[in-house]
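One structure below.
The values are calculated or read from the model by the stated rules, or taken from the named source; none is laboratory data. Keep in mind the model is a prediction, meaning the values are calculated, not measured. Glycine gets a Cβ as well: all are built from the backbone with ideal geometry, and neighbour counts include every protein chain shown. Quick note on the areas: whole protein, heavy atoms, side chains included, nothing else; ligands and nucleic acids left out. Shrake-Rupley method; radii C 1.70, N 1.55, O 1.52, S 1.80 Å.
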Amino acid sequence: MTDLTTRRDDTLAAIAAADTADALEAVRVEAVGKQGWVSALLKTLGKMTPDERQEKAPAIQQTRTAVADAIAARKQAMNDAELDRKLATETLDLSLPSPALPRGTVHPVSQVMDELAEIFADLGFAVKTGPEVEDDWHNFTALNMDENHPARAMHDTFYFPDKDGEGRSMLLRTHTSPVQIRTMMDEGAPVRIIAPGRVYRSDSDATHTPMFHQVEGLVIDKDIHLGHLKWTLETVLKAFFQRDDIVLRLRPSYFPFTEPSVEVDVGFEVVKGRRILGGSGDAPGHAWMELLGSGMVNARVIAFAGLDPAEWQGFAFGVGVDRLAMLKYGMDDLRAFFDGDIRWLQHYGFSAYDQPTLSGGVGARA
Ligand code: DAH
């Protein structure tokens with residue numbers, strides 16, 4: 001047995017002398033690893049007679065326990081030493097800036113809606129929302145588009161298979177105009193609101209996506225006329241584009257829910273391949289571009305919404321938010337708005353801290 005004692009003492013000495021985790025591991029493998037010498041001795045126990053085993057087993061087991069305990073103790077000592085070393089040498093400099101965390105951006109569509117809400121709020125407009133899953137009465141009928149109205153076909157509507165409890169067809173709203181009806185019915189008159197939100201049409205190419213965004217506007221009061229409409233749009237667009245030279249042209253048009261209806265054009269020129277708004281579209285080098293639809297709210301719509309058109313009248317408008325964002329911030333492909341490409345969002349997005357305010361400048365870039 002002196003053989004065993006010598007080998008054990010050699011192993012314990014090697015453990016004590018191991019000064020790295022690798023060195024310790026090598027000693028461990030050599031002694032108690034699968035092919036280690038202690039493991040080999042343990043295997044011989046199975047082949048011994050009971051008497052022989054009774055005689056030799058305790059010393060072998062004790063050797064195994066002694067080696068295992070010594071390795072665990074050495075490991076612990078190494079860890080403690082390492083911790084002591086770190087505590088002694090590593091310091092934490094609290095004056096250093098913390099590492100930058102990945103930060104998301106505010107989508108240009110959200111930013112533009114916030115900018116418009118801020119500008120309109122200054123003129124006394126509240127923000128209203130309505131459901132995106134709408135019924136055909138609010139989306140069409142109450143807006144003076146009855147069942148057989150040709151304008152219904154123009155909207156490329158997404159319909160749901162089931163009707164609602166009142167037998168109305170359900171659809172994804174094709175415009176924000178139903179919020180006009182809901183607001184008048186819920187709150188009566190006078191009304192001064194904008195309604196930003198998503199709208200849906202079965203349409204898809206470089207300038208059309210099946211989902212896009214509009215802002216609706218509605219003013220209902222007494223003695224409201226087209227002059228109020230023009231002044232409001234001019235004031236808002238000047239604030240939005242941050243240019244005093246925005247010039248609008250009102251052109252006769254047709255919408256079922258307004259009478260008279262006007263298409264609003266804005267003057268622009270092309271500078272370095274980009275459309276820059278400003279100036280009259282009739283000025284040299286300039287042209288007009290169609291910006292939004294509007295008009296005086298049709299008396300039938302006011303009546304559908306439960307108000308007396310002899311007493312109340314007003315104006316309404318609807319404008320594409322995505323278009324406004326493209327014009328203001330210079331993107332040229334609408335589809336990229338909804339691809340979710342993180343590089344596009346980092347480039348065109350806004351800091352969440354850059355809240356649009358009239359005093360701070362709506363839409364100042366981060
Ligand atoms: N709802 C129209 C559309 O989506 C836009 C529109 C035009 C809204 C004229 C209005 C309006 O409120 O007066 O095409």
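Here the sum of -39500 (n - 2.57) over DSSP H runs of 4 or more residues, divided by the residues of the chain, equals -13000 deg cm²/dmol at 222 nm, to the nearest 500. Across the options VAL112, PRO178, LEU101, the greatest Cα extent toward the positive end of the charge dipole of the chain (unit charges at beta carbon of Lys, Arg, Asp, Glu) belongs to LEU101. When the chain is described by a simple charge dipole with +1 on each Lys and Arg Cβ and -1 on each Asp and Glu Cβ, the residue from HIS138, LEU42, VAL297 located farthest towards its positive end is LEU42.
Each part reduced to its alpha carbon centroid, region 5-68 and region 186-249 end up 86 Å apart. Taking the average, over residues, of other Cβ atoms within 10 Å as the packing measure, peptides 83-92, 313-322 rank 313-322, 83-92 from highest down.
Report relative contact order for region 230-269 in percent, whole number only (criteria: Cα-Cα under 8 Å, sequence separation at least 6).
31
In terms of distances greater than 27 angstrom between alpha carbons, the cross-link table entries LYS128/LYS328; LYS47/LYS75; LYS34/LYS86; LYS222/LYS328; LYS34/LYS56; LYS230/LYS272 yield LYS47/LYS75; LYS34/LYS86; LYS222/LYS328; LYS230/LYS272. Surface composition of the chain: carbon and sulfur make up 53 percent of the accessible area, probe 1.4 Å. Taking Cα centre as origin and charging only the Cβ of basic (Lys, Arg, +1) and acidic (Asp, Glu, -1) residues, the dipole magnitude of the chain rounds to 980 debye.
In the chain, taking the dipole from charged Cβ atoms about the Cα centre, the farthest positive-side position among MET154, TYR348, GLN62 is held by GLN62. Relative contact order, whole percent, for region 210-366 stands at 24, derived from Cα pairs under 8 Å and 6 or more residues apart. In the context of the full set of protein chains, region 103-170 has a per residue accessible area of 52 Å² (1.4 Å probe).
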